[in-house]
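Accompanying notes for the structure given below.
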């Protein structure tokens, strides 16, 4: 069974078609790169998969079940979650509290009367590379690389096994890119499934099994990273080669 | 009793409130200090403190919704007013005992707020604020003209049954109510729910993206906020003995609530209490020098100065002072 099956997805904003009859599959345990020029509609695809945007038509099937009618929290509860192009931390909260929000069950009763699992919070924080001394720091004090790690940690805390990573290397230094890449490789080794967007193709290449390219919401190519980049339409639209 | 205290401590710690012994000590000192006030101050000051206590209750109520989630409510006087009018109508027009009318007033406030203001929680920012303001203004206009036989019209309802007699008893009732509300809110905000509400104020999309239903969280915050506003409004009405539309559904009531929270410190429990006491006493101290409305200019200027100096309010000033003291010692 595929983790994700997108069929004939269409999203229109008035006269603009942001996603145009897009179909692709994501197998369980696979890591898929989604590439395309700026404005190609990559983030719009993510937003539709997560239910933040309602598609105009088409179906989104997750683990064999059509999820188009589910709310974002319900989709996350089923095991799919995302990071954002620009990290969205809770700036006044500490690293530990940010992770706590991801760990919370979607139940008022459990939130009030349930216990805080500090050991699990620490474990997740350490798994993405935070030191113990970082855990009580407010997110407002973190550098971009740490904010990406925090976003990862909060996403992992939801219990999702399928992660959508949007512009995962944006704004990072070379060292931070290596750190995040190592983290993704580690998670791949632990069976996580990825759909990731990045303009940093050299950094993304070793992290994916397959790639798809889109432009103006339309699928241009689907195959190995090398085959997709060798595609004439992709080279023309994305790399600007005639 | 030690057994009970120990059980409470373990339960609260286990529920993620992370309570420490010094929390119990500080609360005990605070409660003892407030309860000893009648021995230390005169009756006039006690009466001023009663108003400060009720304003603190309204400010805590506002802060639970607006200070935490960032949904700025301009309609809180509407909630306070529903509580006050419900108990007033029930006791004066239908002969209900106060013991029954106040719980009913709380439920009516929650229900009324739910119908009128809850749909507004789906809209954000200034739109939410404007809708809540419109609701309050609507009530101000409607109450005097719709069923004046019940509401008393513009003259309101007078001779409400009193809950206590004398300044001291009035003070004890108000301060106990304020302390109960403050303790309840403090404990609630120390749970994971409090963290989630605070997170909504920082980035609602991220909370939803963490798998939490923000609509449910905001609704809960709203209901708790409405219940406290209704409770405070009902007790306040019986303390005053008379209620009028202008005393509740008025923009000045709204400003007093919001300014108390902002200068005290939003997102804290002590902040709104400190802000309410600071404001009420400041206005009283200014009264001999500026008996007219001009004292509101002075108080507004002082509030603005505090806000400009420390936007997180007096609580942040106190906290930074404590941090400096600790630093100086080490």
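Derivation of every value follows stated rules applied to the coordinates shown; laboratory data play no part. Only a predicted model underlies this, so the values are computations on that prediction, with no experimental measurement involved. All Cβ positions, glycine included, derive from the backbone under ideal geometry; neighbour counts span all protein chains shown.
Side notes on the structure shown:
- By the count of neighbouring beta-carbon atoms within 10 Å, fewest first, B:72, B:263 end up ordered B:72, B:263.
- Projected area averaged over orientations for region B:249-330, convex hull of C-alpha atoms, nm²: 6.5 nm²
- By the beta-carbon count within 10 Å of each Cβ, the least crowded to most crowded order of B:309, B:236, fewest first, is B:309, B:236.
- Where the Cα pairs of region B:96-242 fall when distances are cut into 5 Å bins, in %: 2, 8, 13, 18, 18, 15, 12, 8, 5, 2, 0
- Across region B:2-329, the mean sequence separation of Cα contacts (distance under 8 Å, 6 or more residues apart), normalised by length, yields a relative contact order of 29 percent.
- Debye equation applied to the C-alpha atoms of region B:198-281, log10 I(q)/I(0) at 0.11, 0.19, 0.20, 0.21 Å⁻¹: -0.43, -1.02, -1.07, -1.12
- Derived from the Cα gyration tensor, the three semi-axes of the equivalent ellipsoid of region A:178-241 are 24, 12, 10 Å, largest first.
- Simple spin-label estimate for residue B:281 and residue A:86 gives 4.4 nm between the two label positions (7 Å along the Cα-to-Cβ direction from each Cα).
- Directionally averaged projected area (convex hull, Cα atoms, region B:53-183), nm²: 8.6 nm²
- Compactness of the protein assembly as shown, expressed as Rg and Dmax over alpha-carbon positions, Å: 28.0, 91
- Beta bridges from DSSP with both residues in chain A: antiparallel share about 60 percent, rounded to the nearest 5.
- Helix axis angle, A:118-127 relative to chain A longest principal axis, alpha carbon, degrees: 40 degrees
- Our summary of shape: the Cα atoms of region B:159-214 have principal axis extents of 54, 24, 14 Å, ordered from largest down, in whole angstrom.
- Distance in nm between pseudo-label sites at residue A:200 and residue A:178 (7 Å out along the Cβ direction from Cα): 1.2 nm
- Rg/Rg_globular for chain A, with Rg_globular taken as 2.2 N^0.38 Å and Rg from C-alpha atoms: 1.02
- Value of [θ]222 nm, deg cm²/dmol, for chain B, DSSP H segments ≥ 4, -39500 (n - 2.57) each, nearest 500: -24000 deg cm²/dmol
- Inter-site label distance for residue B:93 and residue A:131 at 7 Å from Cα along Cβ, in nm: 6.8 nm
- Extension gain, residue B:246 to residue B:308, is 19.3 nm, computed as 0.36 nm per intervening residue step minus the present C-alpha separation.
- Over chain A, dividing the summed -39,500 (n - 2.57) contributions of all DSSP H runs of at least 4 residues by the number of residues returns a 222 nm mean residue ellipticity of -9500 deg cm²/dmol.
- Computed over region A:128-242, the P(r) tail beyond 19 angstrom holds 52 percent of alpha carbon pairs.
- Whole-number D in µm² s⁻¹ for region B:2-329, Kirkwood Cα-pair radius fed into Stokes-Einstein, 25 °C, 0.890 mPa s: 119 µm²/s
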